[in-house]
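Enquirer: Here you go, one structure.
Every number in this text was worked out from the coordinates using simple rules, so none of it is lab data. Here the structure is a predicted model, which is why all the values come from computation and not from measurement. Here the Cβ is made from the backbone with ideal geometry for all residues, glycine too, and neighbour counts use every protein chain on show.
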Amino acid sequence: MARLHAKDVRLSLDGGSLGYDAPAGVMTPDLMDELRRRKRQLVAWMEGSGAGAGTRERPVEVAPMSFSQERLWVGTRHIAEQAIFNIAHLLTLTGRPDRAALGHALNGLVERHASMRTRLVQRGEYYLQEVMAPRPLPVVLTDLSALPEKEALARAEALCQAEARLPFDLSEVPLLRAHLLKLAEEEWQLLLIIHHSITDAWSLGVMMQELSVLYTAALSGAPSPLVPLTMQYTDFCRWQRTWFDEERQERMLQFWKAELEGVTPTLNLPYDRPRPAQVSFRGGAHLFQLPADLVSPLEGVARRHGTTLYSALLSVFVLQLSRVCQQEDFLVACPLANRVRREHEQILGLFTNNMPLRVRLEGVSTFGGLVERVSRAFFAGIDQQALPFGKVVEMLVQSYQRANPGGPRPIFPQVLFMLQNTPSVQPELPGLTVKAQDLATDTTKVDLCFVLSPMAGGGLDGVLEYRSELFDAATIVRWVDDFIRLLGQVGQDAERPLGEYTLSADQT
C-alpha cells in the first residue's frame, strides 16, 4: 500500500471488484501482476478486516508517512515518556467567548485539514497514515469560576500540566485535544494539546490564523471564507516519496559523507553531573529576551558580511560552544521548516527536518570571518536539507564507528539551535483579548535546545531548554548571560580576533 500511494495510485472498491486510478506510465506490467496476486489481501484490508484492523473504523484515505513522521514513529515507539511529543498551546481569553462558535471553528479546522483526522499505523513493513472521516471534536469544559481567584488559577495550571503530560495513542484519532477552562465570567483559557506527528511550529501559526477566521464567521453564522486547500499533508507525503528518488538520495548522501568526514559527532559539553547510561527526558527551560537595541547591531554585522541574522546569531552560539567545549570542529543540529514549495505553506502537518551543521574554527581569526564560514556551511546544507535526518545520523554513526572500532556509540544530536522565521501568531477573536503561548512541559528531547523567535516591535524572545539531570539551572542562566555578553561584544566590533571576546569564566 505504501508503494502504491507513493506512486499516487488510488485504489477503489466496488462490490468485490478492485479498481485503480493512476498517473500515466505508473502501472507497469510488474506492478499490475503484483496487484493481481495481492487482490484478496487488498480487498480484505480495504473492507476493514485485514492487517489486524478488526472492526475498527475504515479510513477514507491512506498514504505513506512522511520521512519526519516515520523517524518519530520508528525512533520513539518504545520510549515510555511518550508525552514529550505533545505540543501544548494555551490561549488566555479575556471577555466572554461564544462556546458554540469556538467549537464550530475548531471543528472547521478538523474538517479542513486531513492531518487533524489522521492516525499512524504500521501494516507489515509499511508505515502509513490513515485519514478518517470528520467527526465532532469534543471541547471539554471545566468550570472553576466558583473558586477564589488564586485557587482557580492554581487549579487551572495543574490541570493544564496534567493534560499536557497525558500521552496519545497514535493509532487512534484525534491526535488533538481541546480543553476550555472558565476561571471567571470574563477570564477563560483554551488549551490545545496536539501530537508532534501531525504538527510543527509553522503549523501552529496557520492554525491560529485560521481559527480567527473561522470563529469570526461562526459568530455571524456565515460559511467559512477560507479558500479551499489545493493540497493536503497526504499529498505532500506522496510527492515527497516520489520526488526523493534513489538517485537524488544517493547524491545527497554523498554530499553529507564528504561534508561530515572525520568530524567527531559528540560535543564535550561541561555537564554538572555525569551522563547516566540511560538519560530521561526530564528538562527545564530558562526564558529570556534580547532587546532590539542588542539585536540591531548584529543585523548590521550580518548585512556587511552578506548573510542573515540567523547565521550571525548561530555564529555567536557556536563561538560560545567552542569555548566551553574546547573544540574547534564539531556539529550542531539546525531544525528547518522544510516547506520547499509555496503550496506547503498553508498545510498543517509535520514538515520539520533537522540539518547537521559542521562548525570548523581552525584558521578563522575574526568573528566576521566566522560568520562567513558558518553562513557558507549553512546555505550549502540548505540545498541538501531534504535528506531525512535519520539517514544522516545513521551514516554519521556508522562512519565514526568504522574509524573507532570498539568505541562507544557517539551521541548526536546533543544541541539544537533554532530561530523561528515567523512571530508567534496571536489569534484575533472578536470581543476577546487573546494571549497565546506555548506551555512548558518540563521535558526536552536533547541536552540543549536554543530557540529564538521574533517579538512584536523588534527584539527576540528566547528559551534555552536543557536536561535537568545533566545541568543545574544556575549553569543554564550563566550560559544565557554569556551568550548575551558575546552578542553585545560582536555587535560593537565584529572584526576583533576571536580570542579577545570574553565569557564570564574568563573574568574569574
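Enquirer: Just want the answer: with Cβ charges of +1 for Lys and Arg and -1 for Asp and Glu, which residue in M65, T76, L35 is farthest toward the dipole's positive end in the chain?
Expert: Farthest along the dipole direction, towards plus: L35.
Enquirer: How large is the charge dipole for the chain, taken about the Cα centre, if only the Cβ atoms of Lys, Arg (+1) and Asp, Glu (-1) carry charge, to the nearest 20 debye?
Expert: Taking the Cα centre of the chain as origin, the dipole is about 1200 debye.
Enquirer: Going by Cα centres, the range 145-179 and the range 80-110 are how many Å apart?
Expert: 10
Enquirer: With a point put 7 Å past each Cα toward its Cβ, work out how far R341 is from E247 in nm, to one decimal.
Expert: For R341 paired with E247, the spin-label model returns 1.8 nm.
Enquirer: Nearest 20 debye, what's the magnitude of the dipole of the range 66-235 about its Cα centre given +1 on Lys and Arg Cβ and -1 on Asp and Glu Cβ?
Expert: Computed charge dipole of the range 66-235: roughly 240 debye.
Enquirer: Now for a separate question. Treating the range 69-162 as a set of equal point scatterers at the Cα positions, no solvent, please give the Debye-formula log₁₀ I(q)/I(0) at q = 0.17, 0.21, 0.26 Å⁻¹.
Expert: At q = 0.17, 0.21, 0.26 Å⁻¹ the computed log10 ratios are -1.02, -1.21, -1.37.
Enquirer: For N268 and T502, FRET efficiency with R0 = 22 Å and r from the beta-carbon atoms, rounded to 0.05?
Expert: Efficiency, rounded to the nearest 0.05: 0.60.
Enquirer: Once you put a point 7 Å from the Cα of E185 and another 7 Å from the Cα of R360, both along the Cβ direction, what distance in nm separates them?
Expert: Going by the 7 Å Cα→Cβ label model, 6.9 nm.
Enquirer: Rounded to two decimals, what is the ratio between the C-alpha radius of gyration of the range 334-483 and 2.2 N^0.38 Å?
Expert: 1.26
Enquirer: Say the dipole of the chain comes from +1 at the beta carbon of Lys and Arg and -1 at that of Asp and Glu; which of Q420, V121, G459 then lies farthest toward its positive end?
Expert: The listed residue farthest towards the positive side: V121.
Enquirer: For the chain, list log₁₀ I(q)/I(0) at each q in 0.10, 0.11 Å⁻¹, using the Debye formula over Cα point scatterers of equal strength and ignoring solvent, two decimals each.
Expert: The computed values of log10 I(q)/I(0) come out as -0.90, -1.07.
Enquirer: Under 1.5 on a/c is rounded, so check that first for the range 66-235, then, if it is not, pick prolate when a/b is larger than b/c and oblate when it is not; a ≥ b ≥ c are the square roots of the alpha carbon gyration tensor eigenvalues.
Expert: oblate
Enquirer: Taking Cα pairs under 8 Å and at least six residues apart, what relative contact order does the chain come out at, in percent?
Expert: 19
Enquirer: Also, I was wondering about something else. So how far apart, in nm, are the two label points at R303 and V425 if each is 7 Å from Cα heading toward Cβ?
Expert: Going by the 7 Å Cα→Cβ label model, 3.0 nm.
Enquirer: Among the trypsin sites (Lys or Arg not before Pro) in the range 74-153, which ones are in a DSSP loop with at most 14 other Cβ atoms within 10 Å of the Cβ? Mind listing them?
Expert: Passing sites in the range 74-153 are R77.
Enquirer: Shifting gears a bit: Under 28 Å Cα-Cα from K257, which lysines qualify once same-chain neighbours fewer than 8 residues away are excluded?
Expert: By straight Cα distance, K257 reaches K391, K445.
Enquirer: Taking H placed 1.01 Å from N in the peptide plane, check which residues at least 5 places from I411 or on another chain put their amide H under 5 Å from its amide H.
Expert: Result for I411 returns T266.
Enquirer: Among Y233, V110, H305, which residue has its Cα positioned farthest towards the positive end of the charge dipole of the chain, with +1 placed on the Cβ of Lys and Arg, -1 on the Cβ of Asp and Glu, and the dipole taken about the Cα centre?
Expert: Highest projection toward the positive end goes to Y233.
Enquirer: Amide H neighbours of L439 under 5 Å, at least 5 residues apart or on other chains, H built in the peptide plane: list them.
Expert: Excluding prolines and chain starts, which carry no amide H, the hits are A88, H89, L90.
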